[in-house]
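The structure appears right after this line, and notes come after that.
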Amino acid sequence: MFKSKARSVRLQIPEGMPVPQHVAVIMDGNGRWATVRGLPRMAGHHAGMGAMRDVIRAADDVGVKFLTMYAFSTENWKRPRQEIQYLWQLLEEFFLRDIKELIERNVVIRFIGDTTHLPLASQKTIERAKEMTCSNTGMVVQFALNYGSRLEIVEAIKAIAKRVESGELSPDDIDDSVLSSHLSTAGIPDPDLLIRTSGDQRISNFLLWQIAYAELYFCDKLWPEFHREDFLAALESYGRRERRFGGLK
Ligand code: IPE
Ligand code: IPE
Ligand code: MG
């Protein structure tokens, strides 16, 4: 069922255009989307869940292999308790409702960030989602929950320092692949394309190490109004760019 849909959608990206292997998304603007409509911020988060569903489907349909969605940062704990609680509730709702489709799509679900600080029910939900999809072989979707890139890098450095202290590793052996292998994204290729919605052009502590050579795509649309066609527009923009990685054409 999904296969035939995949073929028709794939036609929306020009033939031969390179599809990024890994797309990372900063889903921003839920609160503003609600505020301009006179709604509580929670309504924006709820609508944002629909956009997330759309983007996951579109990414899978066009053949993206890895998709990383920034859902909650280590700095988002500064928000009102009620808003935070609602976000965890939404997360549970999302997995309850969408897990079946994600399994059918052969999606592998992963999480990055320190999920031990989430409410127990949310931790159980995400464990279940991980377990239920761990033997799948399709697109990998990573949800960044209580994720902060600086914290991730600090933790990696601590782990490397311990290995040096124990004599297992020499300081001269430390290179970028050693650091990469101690991050929560170990084994996942770096993002080729980073999308941020809502008009703000900043990274907000997301994958700082991993996006060294990512193409950046900023979009004015607020996250709840970012749908399949907007995602495909981002992919088309990516497809037209020339990546040089410091070399020459
Ligand atoms: C992104 O939307 C979702 C999260 C950070 C959880 P925001 O909630 O940041 O929305 P704005 O930026 O306030 O509009
Ligand atoms: C980034 O959005 C985090 C997520 C989308 C989860 P924020 O809304 O938290 O970022 P700032 O505060 O505008 O930088
Ligand atoms: Mg925001």
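Every read-out reported here was derived from the displayed coordinates using simple, explicitly stated rules and does not represent laboratory data. Keep in mind the model is a prediction, meaning the values are calculated, not measured. FYI the Cβ positions are ideal-geometry reconstructions off the backbone, even for glycines, and counts take in every protein chain you see.
Residues in region 213-249 that are in contact (Cβ under 8 Å) with a residue 24 or more places away in the chain, over 17 Å from the mean Cα position of the chain (by Cα) and more than 19 Å from ALA59 (Cβ to Cβ): ARG243, PHE245. Please determine, by comparing only the residues of region 184-202 that are touching a residue at least 60 places away in the same chain (Cβ under 8 Å) and under 15 Å from ILE112 (Cβ atoms), which one is farthest from ligand 3 (Cβ to nearest atom). Taking the candidates together, the pick is PRO189.
Tell me which residues, restricted to region 19-48, are more than 10 Å from ligand 1 (Cβ to nearest atom) and either of a type in the set (Gly, Ala, Ser) or under 30 Å from GLY187 (Cα atoms) (or both). Within region 19-48, VAL19, PRO20, GLN21, HIS22, VAL23, ALA24, VAL25, GLY38, ALA43, ALA47 meet the criteria. Taking region 12-52 as the range and being of a type in the set (D, E, K, R) and within 16 Å of ligand 2 (Cβ to nearest atom) as the test, the residues that pass are ASP28, ARG32, ARG41. The condition of being crowded, with 16+ Cβ neighbours inside 10 Å and within 22 Å of ARG243 (Cβ to Cβ) holds for only one of LEU194, LEU145, that being LEU194. Here is a check on your reading of the model: is ASP54 of a type outside the set (A, V, I, L, M, F, W, C), within 16 Å of ligand 3 (Cβ to nearest atom) and either under 15 Å from the mean Cα position of the chain (by Cα) or not in a helix (DSSP H, G or I) (or both)? So ASP54 fails the test.
Residues in region 74-92 that are within 19 Å of GLY148 (Cβ to Cβ) and under 20 Å from the mean Cα position of the chain (by Cα): THR74, GLU75, ASN76, TRP77, ILE84, LEU87, TRP88, LEU91. Evaluation of LEU120 against the conditions (1) in contact (Cβ under 8 Å) with a residue 24 or more places away in the chain; (2) surrounded by fewer than 16 Cβ atoms within 10 Å (Cβ to Cβ); (3) among the aliphatic types (A, V, I, L, M) shows that the sole unmet condition is (1).
Quickly run through region 124-136 and pick out the residues that are over 20 Å from MET27 (Cβ atoms) and either under 18 Å from the mean Cα position of the chain (by Cα) or among the aromatic types (Phe, Trp, Tyr) (or both). Steps first, please.
The first filter runs over region 124-136 and keeps only residues over 20 Å from MET27 (Cβ atoms), leaving 124, 127-128, 130-136.
Selection gives GLU127, LYS130, THR133, CYS134.
Here PRO191 clears all of (1) part of a loop (DSSP other than H, G, I, E, B); (2) more than 16 Å from ligand 1 (Cβ to nearest atom); (3) more than 27 Å from MET17 (Cα to Cα) except the condition numbered (3). Within region 11-40, residues that are more than 23 Å from GLU75 (Cβ to Cβ) and β-branched (Val, Ile, Thr) reach partners that are part of a loop (DSSP other than H, G, I, E, B) and away from ligand 3 (no atom under 14 Å from the Cβ) with beta carbons closer than 6 Å, at six or more positions or on different chains, in the pairs VAL19/GLY63.
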